[in-house]
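**Student:** Provided herewith is a single structure, encoded as structure tokens, for subsequent inquiry.
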Amino acid sequence: MSFDLPKTRIENALRGEFPTKRVSIKTSPYLTGAVEHVLNDVFDGLKEEASASGSQKRATVANLMDTLRGRPELARIFYQHIICTRTTRYKFEPEALLTKTAISKRKATREAAKKAREQAKILKNAEAAKAAEEAVPPVDED
């Protein structure tokens, strides 16, 4: 399956997105070619997934999700996109693209940041209590 997208439509969308910036003449053909390449890759994979699942006439959302998750180059492009249907909601998780060591490093970093926030909160509460004691003048009980 091959796409032939109109370059003027891509150029108008690009200029509409960045109205105050100058855009090169070479940008829209290059961007159009990149979008066509990605769409060809998506639809070729979708066709393969649909035929592998036994439904040659119709592709489902599950076939699309398998295509986008199964190919690493497409998974990198679509990892933060959510694809919704009426009944289900599919979301790409960034962890799907990370190695086990990267996931463990990320988890350790998050835990360290959480501990640091808790320590800062404890220190802040202690400093606030100390400041409150200093702000209140002593009471003479005569």
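**Student:** At a Förster distance of 25 Å, what's the computed FRET efficiency of residue 117 paired with residue 75, Cβ-Cβ distance as r, to 0.05?
**Tutor:** Efficiency, from the Cβ-Cβ distance: 0.20.
**Student:** Here's another thing I want to ask about it. At a Cα cut-off below 27 Å, give the lysines reachable from residue 115, other chains included and same-chain residues fewer than 8 away excluded.
**Tutor:** Counting by Cα, and skipping residues close in sequence, residue 115 has these lysines nearby: 100, 105, 107, 124, 130.
**Student:** To continue, here is another question. What is the packing order of peptides 39-48, 63-72, taking the mean over residues of other C-beta atoms within 10 Å and listing the highest first? All intermediate terms of the calculation are to be shown ahead of the outcome.
**Tutor:** Values: 39-48: 15.6, 63-72: 17.4.
Output ranking for 39-48, 63-72: 63-72, 39-48.
Each reported figure results from applying straightforward, stated rules to the coordinates on display, with no laboratory input. Values in this document were obtained by computation on a predicted structure and should not be read as measured data. With ideal geometry, Cβ positions are generated from the backbone for all residues, glycine too; neighbour counts draw on all protein chains shown.
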